[in-house]
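Structure first, then comments.
What follows draws every value from the coordinates through simple rules; no lab data is involved. All values reported here derive from a predicted model rather than from experimental measurement. In this analysis, Cβ positions are derived from the backbone assuming ideal geometry, glycine residues included, and neighbour counts consider all displayed protein chains.
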Amino acid sequence: MEISSWDITIIISKMMIYIGISGSVGGVFIYWLVIKRAYPFNLRQHCRLMIFTGIVGTLLNFSMQVGAFAESGILGVLDPFYNSLLWQSNAGEALLYRIVGLLLALIAVTKGIVTGQYRRVFLVTLTLSSLLLVRSFSVIGHTAEMNLASQFLLNLHVLLVFCWLGSLWPLWKACGVLSTAVLHNVMQQFGYYASYMVLLLILCGLIVAYQLLGSINSLLFTSYGQSFLLKLALVFGILLIAAHHKFNLVAKLIKSEQGKQALARSIQWEMILALCILLTTTWLTTVVGPDH
């Protein structure tokens, strides 16, 4: 399987999109979880960095697609014909959803909008941002050909994955900032929400995967199926770590002085697996597909 320089740049830009969107969705979620209880932990700067990464990745990804179509070197990204062509296609629609969604996420982390009289504005802004961002993934690629019910499940799966994976860095950072008692409360609250998130994302993911693969043979004997199995193994690994957090490490936070360090190390491993999952997803959606 030959990989061009355009494929490499598209993979890099997609990773920026995935990291940016997951960091903004998950970061804003933890920001809301922490600030609504008046805990001393400011995540606005982190959220802004993730949003900026997502915006740059989105623009870069579109430009690299234009360059790949133009086939005239790096200057091909400026080709007016292919820029216009892709802008009027699903790629342009996805770009618009992502830029607007990320800008709304930026508004959501504005100082003073999370609590008090503007709390409803925050919730509406965050909801619209999340809907637009996850919608962008069902208008491109093979998933654009799926029926509305499958697209809804895909959107829900993507939202939950980004919310979960994007929460990891803020939670790791919280281990070094918050007191043991406050960290224990935050992790308990996150574990409560995460237990529902994980069940839903697994169910939705399996249904969508069946729609894309269609058979056991496709799962076992195609590049897409084998890459999907690798992703599934990584997901299983991250689920084991998450269960270890919920049923072991969080309970030991209050009992042991070393509890915070153990939790932080475990979240680090979870972040490594999360990056591997995002990289595998990027590979699946760029280099291989359900037809391979």
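When each full DSSP H helix of the chain is screened for a Cα extent of at least 18 Å along its own axis and an average Kyte-Doolittle hydropathy of at least 1.0, the helices passing are 5-35, 90-108, 119-135, 148-165, 180-213, 223-244. In this rough spin-label picture, where each label sits 7 Å from Cα along the Cβ direction, the residue 189-residue 59 distance is 3.5 nm.
Other residues with beta-carbon under 15 Å from the beta-carbon of residue 93 carry, at +1 per Lys or Arg and -1 per Asp or Glu, a net charge of +1. Working from Cα pairs under 8 Å separated by at least six residues, relative contact order for the chain is 21 percent. Excluding residue 168 itself, what net charge comes from residues whose Cβ is under 15 Å from its Cβ, given Lys and Arg +1 and Asp and Glu -1? Taking every Cβ under 15 Å from that of residue 168, the sum is +2.
Reported to the nearest whole Å, the Cα centre-to-centre distance from the stretch 253-286 to the stretch 126-198 is 15.
Here the translational diffusion coefficient of the stretch 107-252 follows from Stokes-Einstein with Rh set to the Kirkwood radius across Cα pairs; for 10 °C and 1.306 mPa s it amounts to 90 µm²/s. Based on the Stokes-Einstein relation at 4 °C and a viscosity of 1.567 mPa s, and on the Kirkwood radius from alpha carbon pairs, the stretch 202-292 is assigned a translational diffusion coefficient of 88 µm²/s.
Put one equal scatterer on each alpha carbon of the stretch 5-286, apply the Debye formula with no solvent term, and list log10 I(q)/I(0) at q = 0.07, 0.09, 0.10 1/Å to two decimals. Normalising to I(0) and taking log10 leaves -0.27, -0.45, -0.55. Using the Cβ-Cβ distance between residue 240 and residue 152 with R0 set to 35 Å, the FRET efficiency works out to roughly 0.75. Residues of the stretch 174-197 falling in the label zone of residue 252, defined by backbone nitrogen less than 18 Å from a point 7 Å along Cα to beta-carbon, are 175-176, 180-181, 183-185, 187-188. Measuring against 26 Å, Cα to Cα, the residue pairs 14/246; 173/246; 14/231; 173/252 contain 14/246 as the ones spanning a longer distance. Multiplying the residue separation of residue 120 and residue 49 by 0.36 nm and removing their Cα-Cα distance gives an extension gain of 23.1 nm.
Gain on full extension, evaluated as 0.36 nm per residue between residue 4 and residue 128 minus their Cα-Cα distance, stands at 41.0 nm.
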